[in-house]
Amino acid sequence: MTLKQFIWQDKGETFSCCWEWAKPVSNAFSTLNLILRLTGPGQHEKDNENNRVLAFLADTTRRSPPLKETLVKLIIPLQGGYIARSDFLTVRMISCPIVQCVKEFCSPEQYLEVPGPHVSEFDEVARYVIGAVVLRDPEIHCSSALQQIDEELENRIPLSYILSTPLTNNHLVIVGHRHPAVMAGYLASAAALGIRVTLVDGENEFLAVERRSDVVEKCIQIDMTADDKLASRIVDALSATREKYHGITTFTDTWLIHVAKAAEALGLPTTSLDTVKLCLDKYATRQLCPDEFQPLRIKSLEELRSHLVSSQFDYPLIVKPCTAWGSQGVYKACTQEELLAVVSLAQKAAKGSDLLIDRYVNGPEIDANFVLQDGEILFFELVDGLPCTAEVENQGKPGDFLETDEIWPTNHPQRESDMIRSRLHSILLQTGFRDGVFHLEARIPNSAMHYTVQDGILDLRPREAEPVGDLSVFLLEINQRVPGHGGSWGTALAYGLDYPAIYMLGALNEKERFRSLSIPFAKGAQQWVDSVFINSEKAGVYDGDDVCRELRKQRPDLMAHVHYSNCYYGNGETITDSPARIALFVVTSRESRRQVLEISKEIRQSVEVKVR
């Protein structure tokens, strides 16, 4: 096709582009190839006329090196409809190696029009553009770079991203909050989806990021004491607004039962209360996978002592609160003396909850994440979890079970992945779950893989000999919510899925968009990712600076491989729980899994956590 030329002026400067219609993407989007140049001051043929696309192209050209041509791909809908989310390029072109930046020109409620056959001039075509992809300065010929971006777009942007109807169930209630950095991401996703948010939280609990967010319509203060009347207080507060709500959810385990009760009272979508309660009780969850070991539920150290008079355990054992958050209060005991000691420690973290005493299962730990709709698996992934400090030998201290590293994609062979997928899916269905995002944790006894150190790097590698016994899955817990901060980032970078967005759409019962946004990259994981958690082994007062900012100053070479980082504590803030997560570094590599682990190891060695 012959390139056409277009010349226009913006802010007193003249720009030109050579352009052509190019290969469609997934039969859903037309594309234009552009080669941009800054011509200089002087006369012009066309003025910008407040065209947002032309203004963006002018700014992009200004930022390019002098005398360099800039390659841009413009995206135009091939069919009328509504975009699944307005930041679709930001989410799906994430970490694409040949992309400099992206820009969207659409809103979630906007009907996307298709240019008719009469539209032939570039400035007219530009008014239908919904997105732009700016390519990095290519080290290869322009035609090869444009072919590469065509392949990337085909891999990353699915046909289902243009929908026939707008978001209709769009008013969501979110109960409680997470760390400001985490909430900022949730609210950004809500804005891109066109969701209106009402927040319910305790007095003086609303975050600055929530109050200044355009997507938050109301902040409703109530007494958030987790008692039998919390659900009624939520219902009363929402009913008093006389607003119509389409869904209610929470990102925090603490409030799940209360939110389910409130949803039932308000007639909003929810999982059955019995199912919600079952999965928040680790003892009840353990009964879903019965075996020869009979786990013990106790209320006190005295009850354990009484049990030990008549019964003996085979060690090692795991002690954990039945309803605690995350890995708080989880301990390993190798002797009766250790068991009595760690029960006392676990009781402090349990905050009134019963304790579960169970056998310790040897084998690699995994996260298994599911997206289900009507019981069907829309997406499944395995994430490898490096051994926690309680499992590392010869370290001279008891350690804990707070995650240290989560790695994408898994090193488990496909046969193991398929078995884990099938077994855990059947448990979810047996429990009563049909729709939503689920974050399960499990161990794999008799796996063909195990963790070993080679050349100083700990990783999941094949065993030299076949394991004795049948491959199986030992379920640790079912979380009926998205993975944590690091877990959500890892999946976004590896597969292009935004778990919090899908989770919110599920709460609104928006089935079409839920399914649309659950499609991963066509070619699978696009890079290796390691979410590196920097933890404190003790409570106290944080006595350091932002460790992420400090590492950026001291080791920019390491931080060049970090896509996202966040320090959760500021100097002088109180750390109430032990162990506690201090910071997160999300490391990526397109080269190898080993490289991502080497960089992660260096980061861990370079970061110092100070607590007094």
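The values are calculated or read from the model by the stated rules, or taken from the named source; none is laboratory data. Keep in mind the model is a prediction, meaning the values are calculated, not measured. All Cβ positions, glycine included, derive from the backbone under ideal geometry; neighbour counts span all protein chains shown. Side chains included, ligands, DNA and RNA excluded: accessible areas come from the protein's heavy atoms. Shrake-Rupley method; radii C 1.70, N 1.55, O 1.52, S 1.80 Å.
Computed over the chain, relative contact order equals 10 percent, with contacts defined as Cα pairs under 8 Å that lie 6+ residues apart. Legend: Rg and Dmax of the range 328-422, from Cα coordinates, 16.7, 49 Å.
Taking Lys and Arg as +1 and Asp and Glu as -1, the other residues whose beta-carbon sits under 12 Å from that of TYR495 total +1.
Count Lys and Arg as plus one, Asp and Glu as minus one, and take only other residues whose Cβ is under 14 Å from that of ALA22; the net charge is then -2. Over all orientations, the range 548-596 has a Cα convex hull whose mean projected area works out to 4.4 square nanometres. The length gained by stretching the chain between ARG52 and TRP21 to full extension, at 0.36 nm per residue less their Cα-Cα distance, is 9.2 nm. Charge dipole (Cα centre; +1 on Lys/Arg Cβ, -1 on Asp/Glu Cβ; no other charges) of the chain amounts to roughly 580 debye. If I take every Cα pair under 8 Å that is 6 or more residues apart in the range 101-175, average their sequence separation and divide by the length, what percent do I get for the relative contact order? Here the relative contact order equals 37 percent.
Of the listed residues ARG305, ARG593, ARG612, ARG233, the order by accessible area with a 1.4 Å probe, largest first, is ARG612, ARG305, ARG233, ARG593.
Ligands, DNA and RNA left out, the 1.4 Å accessible surface of the chain is 48% carbon and sulfur atoms. Taking the Kirkwood radius as Rh and the Cα radius of gyration as Rg, the range 409-494 has a ratio of Rg/Rh equal to 1.00.
Selection among LEU57, LEU476, VAL91 by position relative to the dipole of the chain gives LEU57 as farthest towards the positive end (Cβ unit charges, Cα centre). Calculated FRET efficiency, GLU13 and ARG555, Cβ-Cβ r, R0 25 Å, to nearest 0.05? Efficiency, from the Cβ-Cβ distance: 0.05. Stretching the chain fully between THR574 and LEU273 yields a gain of 104.9 nm (0.36 nm per residue, less the alpha carbon separation). With K and R counted +1 and D and E -1, the other residues having a Cβ less than 13 Å from that of THR576 yield a net charge of +2. Here the simple spin-label model places points 7 Å from the Cα toward Cβ, and for ASP291 and GLU151 these points are separated by 4.5 nm.
Here the alpha carbons of the range 521-583 define both size measures, Rg and Dmax, at 14.7, 47 Å.
Note on GLU376 and ASP418: the model spin-label points, each 7 Å out from Cα along the C-beta direction, lie 2.1 nm apart. The C-alpha radius of gyration of the range 81-181, expressed as a fraction of 2.2 N^0.38 Å, stands at 1.33. About its Cα centre, the range 134-224 has a charge dipole of approximately 260 debye under the convention of +1 per Lys or Arg Cβ and -1 per Asp or Glu Cβ, with nothing else charged.
Put a plus charge on the Cβ of each Lys and Arg, a minus charge on the Cβ of each Asp and Glu, and nothing anywhere else: the dipole of the range 1-159 about its Cα centre is then about 280 debye. Heavy atoms of the protein chains alone define the surface here; on that basis the chain has 44 Å² accessible area per residue at 1.4 Å probe size. Relative contact order of the range 428-530, taken over Cα pairs closer than 8 Å and 6 or more residues apart, is 27 percent. Pairs LYS103/LYS218; LYS320/LYS538; LYS348/LYS601; LYS73/LYS511; LYS538/LYS601; LYS68/LYS103: which exceed 24 Å Cα-Cα? Listed pairs above 24 Å: LYS103/LYS218; LYS348/LYS601; LYS73/LYS511. Taking every alpha-carbon pair in the chain and binning the separations at 10 Å intervals from zero gives 3, 15, 24, 25, 18, 9, 4, 1, 0, 0 percent. What the Cβ-Cβ distance of GLU113 and ALA181 gives, at R0 = 41 Å and to the nearest 0.05, is a FRET efficiency of 0.65.
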